[in-house]
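K.L.:
If you scroll down you'll find the structure; I have some questions about it.
The values are calculated or read from the model by the stated rules, or taken from the named source; none is laboratory data. Small disclaimer: the values here were computed from a predicted structure and weren't measured. As a convention, Cβ positions derive from the backbone with ideal geometry for all residues, glycine included, and neighbour counts pool all protein chains shown.
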């Protein structure tokens with residue numbers, strides 16, 4: 001099986017034609033105030049993510065993130081929740097793809113019928129979401145398709161690097177899900193934004 005190269009770097013070989021690969025990533029690092037937003041370290045993670053996705057999983061067939069129109073409380077204040085979308089935007093841009101945002105961050109369960117579908121056989125789907133919602137959703141998804149929910153670990157608050165991967169084998173009469181805990185390998189990004197320096201305030 002050969003790999004394919006794109007402008008995102010070396011791209012992984014596609015998975016088995018009977019296996020669907022769901023790749024769940026958390027948004028990048030956030031400011032202390034929350035703001036629904038990334039901080040500079042999180043932005044740097046997002047900019048490095050396309051090469052990781054390409055190398056590990058290949059070009060995704062689709063990319064999903066929460067609808068940023070739904071507000072989420074950060075430190076007691078409600079903000080429009082753009083963090084996951086901002087995290088995968090560089091990946092979508094690199095691959096020339098749209099980001100699908102049909103559901104708000106509290107509606108991840110509505111994605112199940114979209115994600116568990118034979119049409120994704122042999123392809124990968126990238127999903128960026130809030131980490132606690134990912135943890136809960138993946139446990140339920142794995143348990144519903146022949147796996148053990150206990151295999152899915154708690155996603156710690158300080159962990160922005162984990163990747164929760166669910167591989168669904170469609171070769172039998174019913175789909176069978178397997179869980180893997182993987183990592184981006186992107187900790188230690190710079191704290192400074194990769195932007196032009198702002199002018200000094202008067």
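K.L.:
I'm trying to understand the selection: among the residues of region 180-200, which are within 19 Å of residue 55 (Cα to Cα) and touching a residue at least 40 places away in the same chain (Cβ under 8 Å)?
P.N.:
182, 184, 185, 186, 189
K.L.:
Mind listing whichever residues of region 154-164 are assigned to a loop (DSSP other than H, G, I, E, B) and surrounded by 14 or more Cβ atoms within 10 Å (Cβ to Cβ)?
P.N.:
Hits for region 154-164 are 155, 160, 161.
K.L.:
Anything in region 68-84 that is touching a strand residue (DSSP E or B) at 6+ places or on another chain (Cβ under 7 Å), in a loop (DSSP other than H, G, I, E, B) and either in contact (Cβ under 8 Å) with a residue 60 or more places away in the chain or surrounded by 18 or more Cβ atoms within 10 Å (Cβ to Cβ) (or both)? List them, or say none.
P.N.:
68, 81
K.L.:
Ok, one more. Given the conditions (1) surrounded by 14 or more Cβ atoms within 10 Å (Cβ to Cβ); (2) part of a helix (DSSP H, G or I), and given that residue 112 satisfies all but one, which numbered condition is not satisfied?
P.N.:
Looking at each condition in turn, residue 112 falls short on (1).
K.L.:
Shifting gears a bit: Condition first: in contact with a helix residue (DSSP H, G or I) (Cβ under 9 Å, 6 or more places away or on another chain), in a loop (DSSP other than H, G, I, E, B), farther than 30 Å from residue 32 by Cα and at pLDDT 95 or above. Can you find one or more residues in region 181-199 that meet it?
P.N.:
no
K.L.:
Checking the conditions here, which among 143, 150 is modelled with pLDDT of 95 or more, assigned to a helix (DSSP H, G or I), over 15 Å from residue 24 (Cβ atoms) and touching a strand residue (DSSP E or B) at 6+ places or on another chain (Cβ under 9 Å)?
P.N.:
143
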